[in-house]
Structures are given as structure tokens and as C-alpha cells.
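Participant: One structure, as C-alpha cells, below. Some questions next.
What follows draws every value from the coordinates through simple rules; no lab data is involved. Since we're looking at a predicted model, the values are computed, not measured. Every residue, glycine among them, receives a Cβ derived from its backbone with ideal geometry; neighbour counts consider all protein chains shown.
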Amino acid sequence: MGKNPGYYNFYIYWFGINYNVKGIGKDKAAAIVYNMNAYYLTPSSGYIDAKAYSIKAAGNLYGYGNFEQVETAKAWIAVGIGGAKGSCSDIYEMNDKKAHAVPIPLNKDLVARIGRSGEEDWYEFTTTDAAPKVKITLTNLPVDYDVKLYRFGNTDAESVEISSENSGKNNEAIIYNLNKSAQYYMQVYAKYNIDYDLINCYTFRVSTSKTNFPTPPKGLIGINTLNPATPISAATGNKARSVFEKNNADLVIYPNPVVNNKFDMQFNEDDNQTKEMVVVDVRGKVIFSKKINVSKGANKISIELPKMAKGMYMIKLDEKISKISVL
């Protein structure tokens, strides 16, 4: 971004004018930009990274799906970075790799677009113990799109990859009736890489519930159900784990929201070394830090925090960043 900061400045300017972008105020805009720069951007980041991370920062500060996050996305579309050019407004672009997965609001109909060959859309969300059951629906498909749900557990047996891959434009859906909170990733992709629609969006929804979503009648199109009470095959677990293991930048926190000030961190490292884990609040103040010994390969480390105020916090481990909610 250092070679041409014009787009970046123009994005901030467009917070207040045209493209139906409504101003969110200088203080909020500054807070989003600070959060993005402090916790996400690196020297090699480009405009696509800045858009994805500013949307994440807006969600961290003001809530996912709220006014501030939507207007942040629209500001980038207004300067030509991502977004649909046709009949639907895709505020989540560019989210075409797992590192750019966009946190989404739950229990709400959302729209997005796959606008080029080979594109895929990634989203992330976290359930609570009060409503841990998950149902994903994919509807109004302009072409043959499919959906996958990933849950990254502490072991292969606890990790899940569930897909719904119906033919043609039939609706897709996944039901996963887990009994505890968890962090998930959701991937939407075309059945065939050459399929896409530059104009029309698909509709998707992640619903959560305290009680199990019912198993659909036999033969109903568009539902793939997995009951965690049934043992998950090793193949399924390995698929989900492989997505995590291929991305060394991932820092997976579980449970999230944090329960009783305790959580586990799961991540990969290239070498044996000592690192500092830092917990900061949304304004950048360091709340807690701890030296930890990491090993080459996969790591799982348990952390106990001091008593902290309820809210959203960032966990930083060098370039690895994740967010937690303390209830």
C-alpha cells in the first residue's frame, strides 16, 4: 500500500459521500483504521488485505453486521476495491481465502457474490453455550454453488468438515447439533471452477439454537446433517485439520467466548522458541502478557487469564492474531 496511498485516503474520504455511503464520524473511522493497522496489517499487505481487515476491525469495535461495519465495506466498494457491479451489493469481498474470512452476524439473511472463475467465499462465526446448534442455508443460487462447514478441534477426531453439494441450483443446507460453543469457518464455492455470476448474489444464513435442529425428512433436497453424538470418521477429521495445518498464520482459540477466564490456543510454528502472547483491548491497551514455549509443528497451549471486564479482546502471538469475547 505504500506505493500508492491514494486509494487508502480515498476510501476514508468516501466514508461520508456518494455510493450511498453514510458517514460514521471521524472518531469511529479513526478507531477502525487504528485497529486495522495495529492488529492486522503487515508491511506486505495490499488493498485487498486492508479492505478485509478494516471490515473485521469495524466488526470487532461496533458489532458484526452493524451500521459501522456495513458502511466500512461500502466505502471500499465506492473506490473500486471489491463488490458487485450489478444488481446486488456484495459487502464481503474480497474474502476469497481463509485468512480473509469475514466475521458475520448470526440468525440473519445475508447476500454475497461469486463474480469470477475459481473464486470462493470464506466466513467465520462463533457460537455460544446458550445456542451452540448450527444450521446453514444457501438459497437463491444463480449457478451450482456448494457450501462447507469447518470446525477445528483439539484433535483430528474433534475436527469436522461437513459439506452440502446438491446438483444444479438446488438449495444447500448443513445442520450440526453440537452441545457446546465453538468457532467455525464456512466456505462457499462453485461446483465447477468455471461457474460464476458477475451480477447475481446468493443468499446465505447461519442460524443457531439452544435445541437441536430437526433431522429433515428422508429424501429432502438440500440438507446434510451430522449429529456429533455419532463418531466422526478419521477421514472427516483429517480434512478439517489439513485446512488449519496448511495456514501457519492461524491462531485458533477455544472455547470462544472464553469461559471462566480459561482457553486453549492452537497454532503451528516453524521452530522451537519462546514467544510472548499479548492480550489487548480494542483501544490497544495491553491487558495481559505471558511468555510461552512453542514447539516446531502443531501446538496446543492452555492459558488462564486474570479476571477481566466483559468485552472483545485481541490475542497476539507475533504475526498470529485472533479475537476473543469475555462474558
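Participant: Run the simple label-point estimate for K191 and V259 please: 7 Å along Cα→C-beta, distance reported in nm.
Facilitator: My value for the distance between the label points is 4.0 nm.
Participant: While we're here: Taking H as built 1.01 Å from N, whose amide H comes closer than 5 Å to the amide H of I287, not counting residues under 5 places away?
Facilitator: Here the answer is V279, V280, D281, since their amide H atoms fall under 5 Å of that of I287.
Participant: Using amide H atoms built in the peptide plane, which far-off residues or other-chain residues are under 5 Å from L251 H to H?
Facilitator: Amide H to amide H, under 5 Å and 5 or more residues apart or across chains, L251 pairs with I321.
Participant: Right, something else. Label S295 and S207 with points 7 Å out from Cα along Cα→Cβ: what is the distance between them in nm?
Facilitator: 4.4
Participant: Return the long-range amide H neighbours of D90 (sequence gap of 5 or more, or a different chain), with a cut-off of under 5 Å between placed amide H atoms.
Facilitator: A84
Participant: Sticking with this structure for a sec: Dipole size in debye (nearest 20) for the range 251-326 around its Cα centre, Lys and Arg Cβ +1, Asp and Glu Cβ -1? Please report the intermediate quantities before stating the final value.
Facilitator: On the way: 13 positive and 9 negative charges, 75 e Å.
Charge dipole of the range 251-326: 360 debye, to the nearest 20.
Participant: Between A99 and K26, what is the label-point separation in nm under the 7 Å Cα-to-beta-carbon projection?
Facilitator: 3.5
Participant: Moving to a separate point now. What list of ³J(HN,Hα) couplings, whole Hz, do you get for the range 263-279 from phi and the Karplus terms 6.51, -1.76, 1.60, once you set θ to phi - 60° and write x for glycine and proline?
Facilitator: So the J values, rounded to whole Hz, are 8, 10, 10, 10, 6, 10, 9, 8, 9, 7, 6, 9, 10, 10, 8, 10, 10.
Participant: Can you work out ³J(HN,Hα) from phi for every residue in the range 316-327, in order, using Karplus 6.51 cos²θ - 1.76 cosθ + 1.60 and θ = phi - 60°, giving whole Hz and x for Gly and Pro?
Facilitator: Along the range 316-327, the couplings run 10, 9, 6, 7, 7, 9, 8, 10, 9, 10, 10, 9 Hz.
Participant: What list of ³J(HN,Hα) couplings, whole Hz, do you get for the range 307-312 from phi and the Karplus terms 6.51, -1.76, 1.60, once you set θ to phi - 60° and write x for glycine and proline?
Facilitator: 4, 10, 5, 4, x, 9
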